[in-house]
Amino acid sequence: MIKKSTGLEPRGFHWVIKDRLAVSERIGGYGFQHRRVRREEEIVWLQDHGINSVLSLLGANQNLTAYESAGMAFFSYPVETDLEPEDAVPAFQAVARSLEAHNAVVLVHRDTIDDTLAGLLAGYLIHAGMLDDPILATDVIQRILGRAIGPEGRRLIPAS
């Protein structure tokens, strides 16, 4: 039997590691586009798809109360758009910490899926030892996201 999903799929949602690590734009939208009802519907959709934790790479704890009210774990690691490559390792470690719980299924987000986020995801695959080739990691994330990673993101991917 096919399970019917409720809620609203977050913009840009993709599985990076199936049923373990996902990515999307900020839940509910960002800036003037943010809507409380949309945020609530997206949280319902995430929960229906097994997401039980959120790692926000934003500078503030937007949506913290909504995630906690929904019973989701919340992690925050602010990442600037102009992140230097040597400062990427703590971001990789933040992803790893958010995945530490045995049953953690994590959504990582920024306002949008930009080069910085794409580069961090590819870099995390190298950092975690899932891949050892930065070219392959770049290709994998580009295929998952359906977009190229520009130079700002590529410079965050460790050589291995």
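About the Cα centre of the stretch 8-160, how large is the charge dipole given +1 on each Lys and Arg Cβ and -1 on each Asp and Glu Cβ? Please answer in debye to the nearest 20.
Here the size comes out at about 360 debye.
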- N61-L136 pseudo-label distance in nm [points 7 Å out on the Cα-to-Cβ vector]: 4.0
- Query: Which of (1) 8.0; (2) 9.4; (3) 12.1 is the computed mean projected area of the Cα convex hull in nm² for the structure on display?
  - Reply: (2)
- Estimated distance in nm for a label pair at V44 and E80, the labels positioned 7 Å out from Cα along Cα-to-Cβ: 4.0
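What number, rounded to the nearest 500 deg cm²/dmol, is the helix-based mean residue ellipticity at 222 nm of the chain, given -39500 (n - 2.57) per DSSP H run of at least four residues and division by all its residues? Walk me through the numbers before you get to the answer.
Working: 6 runs with 59 residues, N = 160.
Result for the chain, helices only: -11000 deg cm²/dmol.
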- Message: Test of the criteria: in the stretch 31-127, which GluC sites (Glu not before Pro) are in a DSSP loop and have at most 11 other Cβ atoms within 10 angstrom of their Cβ?
- Response: E80, E100
- Task: Can you grab the distance from the C-alpha centre of the stretch 89-123 to the C-alpha centre of the stretch 20-81, Å, no decimals?
- Result: 13
- Residues whose placed amide H lies under 5 Å from that of F13, excluding near-sequence neighbours: E25
- R20 versus V89: modelled label distance in nm, points set 7 Å from Cα along the beta carbon direction: 2.3
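If you take every residue apart from S56 with its C-beta less than 9 Å away from the C-beta of S56, what net charge results, scoring Lys and Arg +1 and Asp and Glu -1? Don't jump to the answer; show the numbers that get you there.
Details: positive: R26, R110; negative: none.
The answer is +2.
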- For V105, other-chain or 5+-apart residues with amide H closer than 5 Å (H placed, Pro excluded) are N52, S53
- Message: Output wanted: per-residue J couplings in Hz (rounded whole) for the stretch 43-56, from phi through Karplus 6.51 cos²θ - 1.76 cosθ + 1.60, θ = phi - 60°, x for Gly and Pro.
- Response: 5, 4, 4, 4, 4, 4, 9, x, 5, 10, 8, 10, 10, 9
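With both bridge residues required to lie in the chain, what share of the DSSP beta bridges run antiparallel, to the nearest 5%?
So the antiparallel bridges in the chain amount to around 20 percent.
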- Message: What are the ³J(HN,Hα) couplings of the stretch 117-134, residue after residue, when phi is run through the Karplus curve with 6.51, -1.76, 1.60 and θ = phi - 60°? Round to Hz, x for glycine and proline.
- Response: 5, 4, x, 5, 5, 5, x, 4, 4, 6, 4, 7, x, 6, 9, 10, 10, x
- Task: Tabulate in residue order the Karplus-calculated ³J(HN,Hα) for the stretch 86-95, using 6.51 cos²θ - 1.76 cosθ + 1.60 with θ = phi - 60°, rounded to whole Hz; enter x for Gly and Pro.
- Result: 5, 9, 6, 4, x, 5, 4, 5, 5, 4
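Rule-based calculations on the coordinates, nothing more; no lab input. Given the structure is predicted, the values throughout are model-derived calculations rather than measurements. Ideal geometry is used to build each Cβ from the backbone, glycine not excepted, and the neighbour counts take in all protein chains shown.
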